[in-house]
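Notes follow the structure.
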Amino acid sequence: MPKIERFVDTLNTLGPLRVTRRKARRVSRNRTSMPCVTVKCGCCSHAVEICHETTPTGDKNQDTLEIGGVHGTVDQWRQVLLPLLGIKQQ
């Protein structure tokens, strides 16, 4: 059973986020599951699953993320999420 981490808002205005990290594991001889992070709401059962897939060639530019069922490259997710967090891309 993975450890559940709790992240509390610095102002204590919302409930804590519950985060669970799972390693990649072999499901069957021909299939493996991707490593993923599950982020759950602290006050209800809503959750978002973030899965990371690396390419067999090891090229970091082609790594993909699946967030809430939407696939995209890491660079595409940076373009979407960094402005929301107020971080300027280098």
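Annotations
- Complete set of residues in region 71-83 that are within 26 Å of M34 (Cα to Cα) and of a type outside the set (K, R): H71, G72, T73, V74, D75, Q76, W77, Q79, V80, L81, L82
- Pairs where the first residue, in region 67-90, is within 20 Å of K40 (Cβ to Cβ) and the second is part of a helix (DSSP H, G or I), C-beta under 8 Å, 6+ apart: I67/W77
- Top-ranked residue of region 15-36 - restricted to ones that are exposed (fewer than 15 other Cβ atoms within 10 Å of the Cβ) and among the β-branched types (V, I, T), ranked as nearest to L65 (Cα to Cα): T32
Yes/no per residue for (1) surrounded by fewer than 12 Cβ atoms within 10 Å (Cβ to Cβ); (2) touching a Phe, Trp or Tyr at 6+ places or on another chain (Cβ under 9 Å); (3) closer than 27 Å to K3 by Cβ:
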| site | (1), (2), (3) |
| --- | --- |
| K40 | no, no, yes |
| A47 | no, no, yes |
| C51 | no, no, yes |
| G68 | yes, no, yes |
| R78 | no, no, no |
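- Strands (runs of 3 or more DSSP E) fully within the chain counting 2 or more residues that are at pLDDT below 85: 4-7
- Cross-chain or 6+ apart pairs with Cβ under 7 Å, region 10-36 first and at negative phi, then assigned to a loop (DSSP other than H, G, I, E, B) and loosely packed, with under 10 Cβ neighbours inside 10 Å: G15/C43; S33/V27; P35/K23
The values are calculated or read from the model by the stated rules, or taken from the named source; none is laboratory data. The structure presented is a predicted model; accordingly, all values stated were derived computationally and were not measured. Positions of Cβ are generated from backbone atoms using ideal geometry, with glycine treated the same way; all protein chains shown enter the neighbour counts.
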